[in-house]
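Peer 1: Structure below; questions to follow.
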Amino acid sequence: MKKTIYIAGPMAGLPNDNFTAFFSAEKRLENEGWLPINPARFNYVFGSEIGGKILDAVCESERASIPFLDAIYLLKGWQMSKGAKRELAIALQNNLLVIVEE
């Protein structure tokens, strides 16, 4: 069974919400044998058109899955993202493997 990994990183304020970095990491992790959880996938499909409150609720439900995963993957610039910092804190509280993009 593949190990699961959550991709965390900055989105807000970056060109195309940094989707290129998220989807590149997703592909790379899949090629390495991981089953990636990519929060950008939902944002890419629905975008801001669904409204901030719904998107916030979806992000919170994604974060709720972190304790049940095997690892977290931090994209470059994760330090500038409030969401990524919260996701890392959850991962550390649950002793997940932390992998930082070089």
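The values are calculated or read from the model by the stated rules, or taken from the named source; none is laboratory data. Because the structure is predicted, anything quoted here is derived from the model rather than measured. Neighbour counts run over all protein chains shown; Cβ positions are idealised from the backbone, glycine included. Ligands, DNA and RNA are excluded from the accessible area calculation, which covers all protein heavy atoms including side chains. Shrake-Rupley method; radii C 1.70, N 1.55, O 1.52, S 1.80 Å.
Peer 1: Could you go through region 76-88 and let me know if any residue there is open to solvent by less than 30 Å² (accessible area, probe 1.4 Å) and acidic (Asp, Glu). Explain how you work it out, then say what you get.
Peer 2: Quick first cut of region 76-88, residues open to solvent by less than 30 Å² (accessible area, probe 1.4 Å) only: 77, 81, 83-84, 87-88.
Subset that is acidic (Asp, Glu): 87.
Yes, because at least one residue in region 76-88 is open to solvent by less than 30 Å² (accessible area, probe 1.4 Å) and acidic (Asp, Glu).
Peer 1: Can you find, within region 27-42, the residue that is modelled with the highest pLDDT among those that are within 19 Å of Leu88 (Cβ to Cβ) and open to solvent by 20 Å² or more (accessible area, probe 1.4 Å)? Reasoning before the result, please.
Peer 2: Start the filter on region 27-42 by keeping residues that are within 19 Å of Leu88 (Cβ to Cβ), which leaves 29, 34, 36-40.
Checking which are open to solvent by 20 Å² or more (accessible area, probe 1.4 Å) leaves us with 34, 37.
Details: Trp34: 98, Ile37: 92.
Per the stated criteria, the residue is Trp34.
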